[in-house]
Amino acid sequence: MKKITKTKITLLAILALAVVTTGFRCTWVSPAEQQLLEPVELTWWGVFDDPENFSEIISDYSALHPNIKITYRKLRPEEFETELLNALAEDRGPDIFTLHNDWITKYLAKLEPLPAKTKMAYEVTKKSLGIKEETLVEVRETPSLTPPQLKDMFLDVVYDDVIRNDKIYGLPLSLDTLVLFYNRDLLNNAGIPLPPNNWLDLQENVKKLTYQDKDGNIVQSGIALGAADNVERATDIISLLMLQNGAQMTYNRQVTFALIPPGFTDKTYNPGPEAVRFYTDFANPTKEVYTWNDTLPNSIDAFAAGKVAMVFGYNYHLPYFETKRQGKLNYAIAPVPQIEGRPQANFANYWVQTVSNKSKHINEAWDFIQFISKKTEAKKYLDKTSKPTALRALVAEQQTNDQLKTFADQLLTAKSWYQGNNPAAAETALKELITAVKNGTSLLDAMNLAALKIQQTL
């Protein structure tokens with residue numbers, strides 16, 4: 001009798017390991033659910049983040065799912081797209097990869113949208129049959145984030161960038177915006193106590209900050225604006241100006257920034273072309289605000305060397321400028337100037353995590369992305385990297401952070417625009433637009449040509 005009783009107890013204990021316990025209800029684990037505990041390796045490719053930036057949030061996820069190993073690989077920006085496309089074509093690509101916010105449409109056919117729910121297995125310790133503690137398997141089906149929930153959780157610009165056909169194709173951890181970097185010493189020497197908060201004041205400041213030698217060569221620039229190739233992110237700046245000025249960048253899959261927007265009250269004023277004219281005036285020797293030309297070095301390098309008083313840049317430029325503080329670069333950050341009387345607009349530049357439709361672990365990949373996008377996990381990443389947030393719930397906290405306040409204050413009004421299936425071609429078209437206008441091409445002709453080139457990629 002003792003042997004029979006002991007055998008029964010042993011069998012019951014083994015059976016207990018094969019059930020799912022939810023509250024007081026027990027159900028059998030299916031073979032498919034058993035597979036959820038098999039070892040899984042997720043590969044994740046990114047560009048600018050080092051592996052240690054994700055070490056804590058990956059560790060947190062692994063603690064919940066010990067059977068899932070996540071390997072992050074950082075690629076150089078110049079090799080990223082080529083390596084990614086080749087790997088995907090050869091079925092050796094990553095499960096998760098990071099895409100720029102305006103690349104979603106370009107890669108749409110290679111992405112798997114967020115499923116309606118994820119199913120994950122968890123090992124939990126409970127008393128089995130009141131005898132002893134046993135490690136059991138609990139399978140949880142969790143509804144995924146919906147588009148309306150995404151709109152409430154993330155900044156507005158994220159919704160417009162990652163939603164296609166009412167499906168979510170990516171989630172960001174951070175979101176950067178253009179800011180104005182200025183050299184305190186150069187502004188002090190010119191008698192300018194504060195950086196400009198509107199474009200008219202910026203024009204006046206530039207006149208005081210620009211110096212030319214007897215031959216007309218610029219020896220100190222007020223601001224790096226007006227050109228295409230040696231102004232860092234010139235196409236973002238020109239986009240910002242058009243958006244602030246009221247231009248309608250696209251409408252109904254048509255590029256419309258060269259047209260007067262419907263409902264625009266002043267039919268004699270075309271906001272898109274006028275924004276481009278404003279920008280290129282800074283590189284026009286016949287204008288009072290002339291302060292930049294093609295012979296000058298890259299704007300970021302010129303600022304670091306103390307040769308230009310103001311430049312536009314992003315949070316990711318901070319580490320470079322910080323290395324120059326030891327060389328006596330006395331700089332500060334201000335919001336981008338706005339147009340008085342118009343709604344505030346700032347320009348967004350960020351990356352999102354996406355899932356390959358060739359992944360064998362789509363369920364686990366999307367579960368991981370949703371996990372790290374939660375407030376508590378995203379905050380660990382943001383605290384480590386000192387980056388601005390993409391989550392609404394963290395904006396107010398970052399507004400109290402001296403290093404992040406300027407960026408955080410701009411997040412709620414950050415915008416982007418749909419640049420078609422080939423963002424690189426759109427960027428080239430905008431650079432060619434700037435150069436053409438600077439070289440004397442009719443403003444409207446140059447605008448229409450740029451719109452046509454971008455239209456071909458939509």
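No value in this document is a laboratory result; all are computed from the given coordinates. Remember, predicted model here, so these are calculated numbers, not experimental data. When we count neighbours, we look across all protein chains shown, and the Cβ atoms used for this are built from the backbone with ideal geometry, even at glycine.
Between Gln399 and Val124, the C-beta separation translates, for a Förster distance of 51 Å, into a calculated FRET efficiency of about 0.80. Residues whose amide H comes within less than 5 Å of that of Ala414, counting only those at least five positions distant or on another chain, are Asn346 (H built at 1.01 Å from N in the peptide plane). Here the 3J(HN,Hα) profile of the range 446-456, calculated from phi with Karplus coefficients 6.51, -1.76 and 1.60 at θ = phi - 60°, is 5, 5, 5, 5, 4, 4, 5, 5, 6, 4, 5 Hz, Gly and Pro shown as x. Protection proxy ranking of 73-85, 37-49, 446-458, by the mean of other Cβ atoms within 10 Å over each peptide's residues and highest first, is 446-458, 37-49, 73-85.
Working note: Cα gyration tensor of the range 147-270, eigenvalues times five, square-rooted, sorted largest first, giving semi-axes of 36, 21, 14 Å.
If R0 is taken as 35 Å, the Cβ-Cβ distance between Arg92 and Asp445 corresponds to a FRET efficiency of 0.15.
Here the spin labels are modelled as points 7 Å beyond Cα on the Cα-Cβ line, and at Asn197 and Arg184 they lie 2.0 nm apart. Here the Karplus relation 6.51 cos²θ - 1.76 cosθ + 1.60, evaluated at θ = phi - 60°, turns the backbone of the range 364-379 into coupling constants of 5, 4, 6, 4, 5, 4, 5, 4, 6, 8, 5, 3, 5, 6, 4, 4 Hz, with x for every Gly and Pro.
Over all distinct Cα pairs, what is the inverse of the mean 1/r for the chain, reported as the Kirkwood hydrodynamic radius in Å? Before the final figure, lay out each step's value.
Details: mean 1/r = 0.0402 Å⁻¹.
The Cα-based Kirkwood calculation yields 24.9 Å.
Under the Kirkwood approximation applied to all pairs of distinct alpha-carbon atoms, what is the hydrodynamic radius of the range 382-436 in Å? Don't skip to the answer; put the middle values down first.
Numbers: mean 1/r = 0.0737 Å⁻¹.
Evaluated over the range 382-436, this radius sits at 13.6 Å.
Between Gln410, Leu430, Leu443, the Cα set farthest toward the positive side of the dipole of the chain (charges on each charged residue's Cβ, about the Cα centre) is that of Gln410. Counted by neighbouring Cβ atoms within 10 Å, the residues Lys110, Lys405 run from fewest to most as Lys405, Lys110. With a Cα-only, solvent-free Debye model of the range 247-367, what are the log10 I(q)/I(0) values at q = 0.21 Å⁻¹? Evaluating at q = 0.21 Å⁻¹ gives log10 I(q)/I(0) of -1.26. Exposure proxy for Ser221, Ser55: other Cβ atoms within 10 Å of each Cβ, ordered fewest to most, give Ser55, Ser221.
Percent of Cα-Cα pairs more than 21 Å apart in the range 54-122, please. Beyond 21 Å sits 41 percent of the P(r) for the range 54-122.
Computed over the alpha carbons of the range 347-458, Rg followed by Dmax gives 19.6, 55 Å. Take the Cα of Gln456, step 7 Å toward its Cβ, do the same at Asn67, and the gap between the two points is 5.2 nm. Using the Stokes-Einstein relation with a Kirkwood hydrodynamic radius computed over Cα pairs, the translational diffusion coefficient of the range 249-293 at 20 °C and a viscosity of 1.002 mPa s comes to 177 µm²/s.
Want the number for Lys167 to Glu38: 0.36 nm per residue separation, take away the alpha-carbon distance, what's left?
Details: separation 129, 0.36 × 129 = 46.44 nm, distance 2.89 nm.
Length gained between Lys167 and Glu38: 43.6 nm.
The range 253-299 and the range 174-197 have Cα centres lying 22 Å from one another. Starting from the Cα of Asp301, move 7 Å in the Cα-to-Cβ direction to define the label point; list residues of the range 222-246 whose amide nitrogen is under 19 Å from there. Under cut-off, by backbone N: 222-235.
Which whole number of Å³ per residue matches the convex hull of the alpha-carbon atoms in the range 221-278?
Dividing the Cα hull volume of the range 221-278 by its residue count gives 92 Å³.
Extending 7 Å from the Cα toward the beta-carbon at both Thr265 and Thr376 defines two label points whose distance is 5.1 nm.
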